[in-house]
Amino acid sequence: MLKKMLGVACIALTMALPAFAQGAPEALVKTISGQVLDAVKADPALQSGNVDKIITLVDAKVMPSVNFEVMTRSAVGPQWRQATAEQRSRLQAEFKSLLVRVYSGALTQIKDQTVEITRTQAVPQSTQVVVQSEVRGKGEPIKLDYRLDKFADAWKIIDVNVGGIWLVTSYRSQFAPELGKGGIDGLIGALAERNKAAAGKG
(Lines give C-alpha, C1' and ligand atoms only; values in the text may rest on other atoms or scores of the structure.)
Protein backbone atom coordinates (compact mmCIF):
# COMPACT_ATOMS: atom_id res chain seq x y z
CA MET A 1 0.00 0.00 0.00
CA LEU A 2 2.81 2.42 0.89
CA LYS A 3 4.57 1.68 -2.40
CA LYS A 4 1.37 2.48 -4.30
CA MET A 5 0.93 5.72 -2.39
CA LEU A 6 4.53 6.71 -3.13
CA GLY A 7 3.90 6.02 -6.79
CA VAL A 8 0.92 8.37 -6.75
CA ALA A 9 3.03 10.96 -4.97
CA CYS A 10 5.60 10.74 -7.72
CA ILE A 11 2.90 11.30 -10.32
CA ALA A 12 2.14 14.42 -8.34
CA LEU A 13 5.75 15.54 -8.39
CA THR A 14 6.11 14.81 -12.08
CA MET A 15 2.94 16.70 -12.85
CA ALA A 16 3.82 19.72 -10.78
CA LEU A 17 7.53 20.40 -10.92
CA PRO A 18 8.66 22.00 -14.19
CA ALA A 19 10.44 25.36 -13.92
CA PHE A 20 8.28 27.77 -11.95
CA ALA A 21 7.46 31.14 -13.41
CA GLN A 22 6.88 33.99 -10.98
CA GLY A 23 3.46 34.07 -9.33
CA ALA A 24 1.37 32.69 -6.52
CA PRO A 25 2.17 29.07 -5.60
CA GLU A 26 -1.32 27.83 -6.43
CA ALA A 27 -1.24 29.46 -9.88
CA LEU A 28 2.15 27.91 -10.56
CA VAL A 29 0.99 24.44 -9.58
CA LYS A 30 -2.13 24.75 -11.74
CA THR A 31 -0.31 26.04 -14.81
CA ILE A 32 2.61 23.67 -14.83
CA SER A 33 0.47 20.65 -13.98
CA GLY A 34 -1.46 21.17 -17.19
CA GLN A 35 1.72 21.70 -19.19
CA VAL A 36 3.34 18.49 -17.99
CA LEU A 37 0.20 16.42 -18.34
CA ASP A 38 -0.03 17.53 -21.96
CA ALA A 39 3.62 16.67 -22.56
CA VAL A 40 3.26 13.18 -21.11
CA LYS A 41 0.08 12.47 -23.04
CA ALA A 42 1.83 13.50 -26.26
CA ASP A 43 4.95 11.36 -25.73
CA PRO A 44 4.51 7.57 -25.95
CA ALA A 45 8.09 7.07 -24.72
CA LEU A 46 7.29 8.82 -21.43
CA GLN A 47 4.06 6.87 -21.10
CA SER A 48 5.94 3.60 -21.56
CA GLY A 49 8.44 4.48 -18.82
CA ASN A 50 11.50 5.13 -21.00
CA VAL A 51 14.16 5.87 -18.36
CA ASP A 52 16.38 8.00 -20.62
CA LYS A 53 13.41 10.18 -21.53
CA ILE A 54 12.41 10.44 -17.89
CA ILE A 55 15.93 11.45 -16.85
CA THR A 56 15.86 14.19 -19.47
CA LEU A 57 12.47 15.35 -18.21
CA VAL A 58 13.60 15.33 -14.59
CA ASP A 59 16.83 17.22 -15.27
CA ALA A 60 15.23 19.82 -17.52
CA LYS A 61 11.87 20.35 -15.82
CA VAL A 62 11.81 18.89 -12.33
CA MET A 63 15.14 19.61 -10.71
CA PRO A 64 15.17 23.39 -11.27
CA SER A 65 11.88 23.62 -9.39
CA VAL A 66 12.59 21.56 -6.29
CA ASN A 67 15.04 22.20 -3.49
CA PHE A 68 16.46 18.72 -3.72
CA GLU A 69 19.05 19.28 -1.01
CA VAL A 70 16.26 20.13 1.43
CA MET A 71 14.31 17.03 0.39
CA THR A 72 17.34 14.75 0.77
CA ARG A 73 18.36 16.32 4.07
CA SER A 74 14.85 15.87 5.43
CA ALA A 75 14.67 12.25 4.26
CA VAL A 76 18.04 11.41 5.84
CA GLY A 77 17.24 13.17 9.12
CA PRO A 78 19.71 14.21 11.88
CA GLN A 79 22.63 12.19 10.50
CA TRP A 80 22.77 14.55 7.52
CA ARG A 81 24.65 16.98 9.78
CA GLN A 82 27.49 14.48 10.20
CA ALA A 83 27.76 13.73 6.47
CA THR A 84 30.72 15.05 4.51
CA ALA A 85 30.25 17.12 1.36
CA GLU A 86 31.09 14.04 -0.73
CA GLN A 87 28.60 11.89 1.17
CA ARG A 88 25.88 14.51 0.75
CA SER A 89 26.55 14.67 -2.98
CA ARG A 90 26.36 10.87 -3.27
CA LEU A 91 23.17 10.74 -1.19
CA GLN A 92 21.49 13.27 -3.45
CA ALA A 93 22.61 11.40 -6.58
CA GLU A 94 21.32 8.04 -5.33
CA PHE A 95 18.09 9.54 -4.00
CA LYS A 96 17.52 11.20 -7.37
CA SER A 97 18.09 7.88 -9.15
CA LEU A 98 15.62 6.21 -6.79
CA LEU A 99 12.95 8.80 -7.52
CA VAL A 100 13.55 8.63 -11.27
CA ARG A 101 12.91 4.89 -11.16
CA VAL A 102 9.65 5.48 -9.31
CA TYR A 103 8.71 8.18 -11.83
CA SER A 104 9.19 5.67 -14.66
CA GLY A 105 6.39 3.54 -13.27
CA ALA A 106 4.23 6.47 -12.22
CA LEU A 107 4.27 8.10 -15.65
CA THR A 108 2.68 5.05 -17.24
CA GLN A 109 -0.41 5.73 -15.09
CA ILE A 110 -1.05 9.20 -16.53
CA LYS A 111 -4.03 8.96 -18.90
CA ASP A 112 -6.78 11.58 -18.91
CA GLN A 113 -6.26 13.34 -15.59
CA THR A 114 -6.76 17.01 -14.88
CA VAL A 115 -5.67 19.00 -11.82
CA GLU A 116 -7.79 21.33 -9.72
CA ILE A 117 -6.41 23.53 -6.94
CA THR A 118 -8.71 23.39 -3.93
CA ARG A 119 -7.02 25.44 -1.21
CA THR A 120 -3.77 27.15 -0.18
CA GLN A 121 -2.70 27.46 3.45
CA ALA A 122 0.21 29.28 5.03
CA VAL A 123 2.31 27.18 7.39
CA PRO A 124 2.37 28.99 10.75
CA GLN A 125 5.66 30.58 11.85
CA SER A 126 7.39 29.83 8.54
CA THR A 127 7.72 31.05 4.96
CA GLN A 128 6.11 27.85 3.68
CA VAL A 129 2.71 27.26 2.13
CA VAL A 130 0.74 24.11 1.41
CA VAL A 131 -1.17 24.01 -1.87
CA GLN A 132 -3.97 21.45 -1.80
CA SER A 133 -5.16 19.97 -5.08
CA GLU A 134 -7.05 17.09 -6.63
CA VAL A 135 -6.07 14.95 -9.61
CA ARG A 136 -9.33 14.18 -11.35
CA GLY A 137 -9.97 11.47 -13.92
CA LYS A 138 -11.83 8.21 -13.86
CA GLY A 139 -12.68 7.07 -10.36
CA GLU A 140 -12.27 8.95 -7.12
CA PRO A 141 -10.16 12.14 -7.16
CA ILE A 142 -6.66 11.83 -5.70
CA LYS A 143 -6.05 14.45 -3.02
CA LEU A 144 -2.55 15.93 -3.05
CA ASP A 145 -0.82 18.56 -0.93
CA TYR A 146 2.33 20.36 -2.08
CA ARG A 147 4.60 21.98 0.49
CA LEU A 148 6.49 24.91 -0.98
CA ASP A 149 9.03 27.32 0.42
CA LYS A 150 10.57 30.47 -1.03
CA PHE A 151 14.28 30.49 -1.77
CA ALA A 152 15.92 33.62 -3.20
CA ASP A 153 12.53 34.87 -4.41
CA ALA A 154 11.64 31.58 -6.12
CA TRP A 155 9.02 29.13 -4.87
CA LYS A 156 10.20 25.53 -4.78
CA ILE A 157 8.54 22.29 -3.72
CA ILE A 158 10.09 20.54 -0.73
CA ASP A 159 7.55 17.77 -0.09
CA VAL A 160 4.32 16.20 -1.36
CA ASN A 161 1.50 14.64 0.65
CA VAL A 162 -0.83 12.01 -0.81
CA GLY A 163 -3.52 10.35 1.24
CA GLY A 164 -2.10 11.77 4.45
CA ILE A 165 1.43 10.51 3.78
CA TRP A 166 4.27 12.96 3.17
CA LEU A 167 6.73 11.64 0.60
CA VAL A 168 9.85 12.73 2.49
CA THR A 169 8.54 11.32 5.76
CA SER A 170 7.87 7.99 4.06
CA TYR A 171 11.40 7.77 2.74
CA ARG A 172 12.80 8.82 6.11
CA SER A 173 11.15 5.76 7.68
CA GLN A 174 12.68 3.58 4.96
CA PHE A 175 16.14 5.10 5.36
CA ALA A 176 16.22 4.92 9.17
CA PRO A 177 17.00 1.16 9.45
CA GLU A 178 19.90 1.47 6.99
CA LEU A 179 21.27 4.49 8.86
CA GLY A 180 20.96 2.57 12.12
CA LYS A 181 22.92 -0.38 10.74
CA GLY A 182 25.60 1.33 8.70
CA GLY A 183 25.38 5.08 9.05
CA ILE A 184 25.62 7.38 6.05
CA ASP A 185 27.85 5.04 4.06
CA GLY A 186 25.48 2.18 4.78
CA LEU A 187 22.54 4.14 3.41
CA ILE A 188 24.50 5.19 0.32
CA GLY A 189 25.44 1.56 -0.30
CA ALA A 190 21.87 0.36 0.18
CA LEU A 191 20.50 2.98 -2.20
CA ALA A 192 23.18 2.18 -4.78
CA GLU A 193 22.32 -1.52 -4.63
CA ARG A 194 18.62 -0.76 -4.89
CA ASN A 195 19.16 1.45 -7.94
CA LYS A 196 21.50 -1.10 -9.53
CA ALA A 197 18.93 -3.85 -9.10
CA ALA A 198 16.18 -1.64 -10.56
CA ALA A 199 18.37 -0.76 -13.53
CA GLY A 200 19.04 -4.46 -14.15
CA LYS A 201 15.33 -5.16 -14.27
CA GLY A 202 14.85 -2.28 -16.70
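Tally the residues that are modelled with pLDDT of 80 or more, surrounded by fewer than 16 Cβ atoms within 10 Å (Cβ to Cβ) and under 17 Å from the mean Cα position of the chain (by Cα), restricting the search to the range 40-70.
1
Quick one: residue 87 ticks every box in (1) assigned to a helix (DSSP H, G or I); (2) buried (at least 19 other Cβ atoms within 10 Å of the Cβ) bar one, so which box is it?
For residue 87, the exception is condition (2).
Condition test on residue 172, is it under 19 Å from the mean Cα position of the chain (by Cα), under 25 Å from residue 82 (Cβ atoms) and in contact (Cβ under 8 Å) with a residue 12 or more places away in the chain?
On the way: under 19 Å from the mean Cα position of the chain (by Cα): yes; under 25 Å from residue 82 (Cβ atoms): yes; in contact (Cβ under 8 Å) with a residue 12 or more places away in the chain: yes.
Spelling it out, residue 172 is indeed under 19 Å from the mean Cα position of the chain (by Cα), under 25 Å from residue 82 (Cβ atoms) and in contact (Cβ under 8 Å) with a residue 12 or more places away in the chain.
Residue 73 fails exactly one of the following numbered conditions: (1) farther than 30 Å from residue 189 by Cβ; (2) at pLDDT 75 or above. What is the number of that condition?
Here residue 73 clears every test but (1).
Six or more apart or on different chains, Cβ under 8 Å: which pairs go from a residue in the range 76-90 that's within 19 Å of residue 158 (Cα to Cα) and in contact (Cβ under 8 Å) with a residue 12 or more places away in the chain to one that's of a type in the set (Asp, Glu) and in a helix (DSSP H, G or I)? Could you list them?
What qualifies is 88/69.
Pick from 93, 85: which is among the small types (Gly, Ala, Ser) and within 15 Å of the chain's Cα centre (by Cα)?
On the way: 85 fails: within 15 Å of the chain's Cα centre (by Cα).
After ruling out the rest, the residue left standing is 93.
Output the residues belonging to the range 121-140 that are more than 18 Å from the chain's Cα centre (by Cα) and in contact (Cβ under 8 Å) with a residue 12 or more places away in the chain.
Applying the first criterion (more than 18 Å from the chain's Cα centre (by Cα)) to the range 121-140 yields 121-127, 136-140.
Once the filter is applied, which keeps residues that are more than 18 Å from the chain's Cα centre (by Cα) and in contact (Cβ under 8 Å) with a residue 12 or more places away in the chain, the range 121-140 yields 123, 126, 127, 136, 137, 138.
Output the number of residues of the range 130-167 satisfying the condition of being surrounded by fewer than 21 Cβ atoms within 10 Å (Cβ to Cβ), β-branched (Val, Ile, Thr) and within 17 Å of residue 27 (Cβ to Cβ).
Qualifying residue count, the range 130-167: 1.
Which ones in the range 169-202 are over 30 Å from residue 52 (Cβ atoms) and either outside any helix (DSSP H, G or I) or basic (Lys, Arg) (or both)?
181
List the number of the failed condition for residue 163; all other conditions in (1) within 25 Å of residue 87 (Cα to Cα); (2) in contact with a strand residue (DSSP E or B) (Cβ under 9 Å, 6 or more places away or on another chain) hold.
(1)
The values are calculated or read from the model by the stated rules, or taken from the named source; none is laboratory data. Because the structure is predicted, anything quoted here is derived from the model rather than measured. Reconstructed Cβ throughout: ideal geometry from the backbone, glycine too, with neighbour counts over all protein chains shown.
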